[in-house]
Amino acid sequence: MSTGNQIPQNDHYFTAAPASPEERRTIEVEIAGRSVEVETAGGIFSPGHIDAGTRVLLKEMTAPPSGHLLDLGCGWGPIALTMATLTPSASVWAVDVNERSLDLTRSNAQKLGLSNVRAVFPDQVPPEIQFSEIWSNPPIRVGKDVLHSLMLRWLPRLVPGASAFQVVQKNLGADSLHSWLNEQFSRHNPEALMYADTVRMASSKGFRVLETIREEPEDN
C-alpha cells in the first residue's frame, strides 16, 4: 500500500491470498542500520527491495516515541520493522488491505524477534487507539479519493503534539497532497482539529517528506 515506479498497476493494493512457501523468497535488506534477511513474494509492493521512497523516508527519521505507532500501508514491513526495532517499547500497528502483505509483515517481525508489531487490516485497529507517530509511504496510485479518505481516517487519530510523516514522489502529486493537507488539517480550517501547517521536512531523489503535526491544546 505504497507508491513507486516498480508496479504500474494497483493490484498490490487490494487483498491477495497469503503467499505459499513456494512463492516466498528471501532477500537481504538494511533495517535500522543492520543487515537482515526478510521474506517477500510477488503480488505486493516492491517485493525485491526497499523502494526508493521508503529509503528516503527512513533516512530522515529518528527513533519514534513510545506509545502506539502506525505504518499506514505496510507492504512486507520495512517501515514497521524499522519503527519496532528503534523503539521496542512501542506498539507498532502495521496496516494494509493486502492480506499477503500482512502475512509477510507478521512473518518478518517474528523472524527478527519483534514482538511489538501487529499487522492488521484497517478495521482491526481498535477505535480507541491513538498514535504517537505515523510513518507512511501512502498509496498515491489508488487515486485522490481513496488517498484523501485514508488521510481523513487516520490523521485525526494522532495524539496532541504528535506528527504524521509521509513520503510522496514529486511527479506523482507530492505538492498537490501538501496543499490538500493544509486545506484539511491546519489551524486555518475551523472545522478541523488543531493542526500546524503541513511542512516539507526533506526533499531527496524526487521525493518529498511531509510532516503534519496535531497541535497541543491551548491553555485556557
What is the one condition in (1) at pLDDT below 95; (2) in contact with a Phe, Trp or Tyr (Cβ under 9 Å, 6 or more places away or on another chain) that Asn137 does not satisfy? (1)
Restricting to segment 91-118, count the residues that are within 16 Å of Ala41 (Cα to Cα) and among the hydroxyl-bearing types (Ser, Thr, Tyr). 3
Across segment 58-86, which residue is nearest to the chain's Cα centre (by Cα) among those that are buried (at least 21 other Cβ atoms within 10 Å of the Cβ) and among the hydroxyl-bearing types (Ser, Thr, Tyr)? Thr82
Please go through segment 126-155 and pick out each residue that is free of Cβ contacts under 8 Å to residues at least 40 places away in the same chain and either surrounded by 14 or more Cβ atoms within 10 Å (Cβ to Cβ) or acidic (Asp, Glu) (or both). Glu128, Asp145, Val146, Leu147, His148, Met151
Scanning segment 123-137 residue by residue, the ones that are assigned to a loop (DSSP other than H, G, I, E, B) and not β-branched (Val, Ile, Thr) total 5
For the structure I just gave you, tell me whether Gln166 is loosely packed, with under 12 Cβ neighbours inside 10 Å and either more than 23 Å from Phe207 (Cα to Cα) or not hydrophobic (A, V, I, L, M, F, W, C) (or both). no
Mind counting the residues in segment 175-202 that are at pLDDT 85 or above and either among the hydrophobic types (A, V, I, L, M, F, W, C) or exposed (fewer than 14 other Cβ atoms within 10 Å of the Cβ) (or both)? 12
Could you please find all residues in segment 58-76 being of a type outside the set (Ser, Thr, Tyr) and farther than 22 Å from Ser149 by Cα? Leu58, Lys59, Glu60, Met61, Ala63, Pro64, Pro65, Gly67, Trp76
Given the criterion in contact with a helix residue (DSSP H, G or I) (Cβ under 6 Å, 6 or more places away or on another chain) and of a type in the set (A, V, I, L, M), identify the matching residue among Val159, Val168, Val146. Val168
Could you list, in sequence order, all residues of segment 101-122 that are surrounded by fewer than 24 Cβ atoms within 10 Å (Cβ to Cβ) and touching a residue at least 60 places away in the same chain (Cβ under 8 Å)? Asp103, Ser107, Lys111, Leu112
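The values are calculated or read from the model by the stated rules, or taken from the named source; none is laboratory data. Everything numeric in this text was worked out from a predicted model, so none of it was measured. Cβ sites come from the backbone with ideal geometry, for glycine too, and all protein chains shown count toward neighbours.
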